[in-house]
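Engineer: Before we start, here is the structure in question, set down as structure tokens.
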Amino acid sequence: MTNNLENPANNQPCSCIFPDGLQYGKFLSRNIGIDKSKGRFGEVSIYKCCACQRLWLHYFVEYEHLSQSARWYRGLITEAMTKTITAENAVEILSNLQWYLYGGSYFHGKYGCSKGQIDVD
């Protein structure tokens, strides 16, 4: 498993490194659970890209009583990290990664790459 941006199979960038590049059917998903901290009810999953085998920690939260509140964050993780990830520590892990991808209606339909504390509250 590699965390650099090139696909280890062909040394080309894999589409999964782009915010809109990890599309349904092109990854395997494993549900970790629901982060109930602070009443968030954030959905936490680990995605595995079928093309390059990269692992991603994915966090999705939406507040149904607020319009344009849906947001997701996705960051590269290692196989070793998957053994310690829980729904409750996912926000901290994502916030401490070198970078992560984000998107959703909360960002007015835009997506991008950032680092630092993720905004889920």
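Readers should treat all values here as calculations from the given coordinates under stated rules, not as data from a laboratory. Keep in mind that what you see is a predicted model, and the values were worked out from it rather than measured. We place every Cβ from the backbone using ideal geometry, glycine too, and count neighbours over all the protein chains shown.
Engineer: How high is the FRET efficiency from Tyr111 to Asn89, r the C-beta distance, R0 30 Å, rounded to 0.05? It would help to have the intermediate numbers written out before the result.
Structural biologist: Values: r = 24 Å, r/R0 = 0.80.
With R0 = 30 Å, the Cβ-Cβ based efficiency is 0.80.
Engineer: Starting from the Cα-Cα distance between Gln98 and Asn31, subtract it from 0.36 nm times their residue separation and give me the gain in nm to one decimal.
Structural biologist: Stretched out fully, the Gln98 to Asn31 stretch lengthens by 21.8 nm.
Engineer: Quick one: which residues, 5+ away or cross-chain, put their amide H under 5 Å from the amide H of Phe27? H built at 1.01 Å from N.
Structural biologist: Cys50
Engineer: Here is a follow-up. For the range 109-121, in order, what is each residue's ³J(HN,Hα) by Karplus, 6.51 cos²θ - 1.76 cosθ + 1.60 with θ = phi - 60°, in whole Hz (x at glycine and Pro)?
Structural biologist: x, 8, 9, x, 10, 8, 8, x, 4, 7, 9, 10, 9
Engineer: Run through all the Cα pairs of the chain and give the fraction in each 5 Å bin from 0, expressed as whole percent.
Structural biologist: Spelled out bin by bin, the chain gives 2, 12, 22, 25, 22, 11, 5, 2, 0, 0 percent.
Engineer: Sequence-distant or interchain residues sharing an amide H contact under 5 Å with Gly33, placed H: which?
Structural biologist: Val44
Engineer: Still on this structure, please answer the following. Over the chain, with a Gaussian network built from C-alpha contacts below 10 Å, which listed residue (Tyr106, Tyr59, Tyr47) shows the highest mean-square fluctuation?
Structural biologist: Tyr106
Engineer: Go through the chain and flag any cysteine with no other cysteine's C-beta closer than 4.7 Å, please.
Structural biologist: Within the chain, the cysteines lacking a partner Cβ under 4.7 Å are Cys50, Cys113.
Engineer: For the chain, what does -39500 (n - 2.57) per DSSP helix run (n ≥ 4), summed and divided by total residues, give at 222 nm, in deg cm²/dmol to the nearest 500?
Structural biologist: Dividing the helical sum by the residues of the chain leaves -1500 deg cm²/dmol.
Engineer: If you rank Cys113, Cys52, Cys16 by fewest surrounding Cβ atoms within 10 Å, what's the result?
Structural biologist: Placing the least packed residue first, the sequence is Cys113, Cys52, Cys16.
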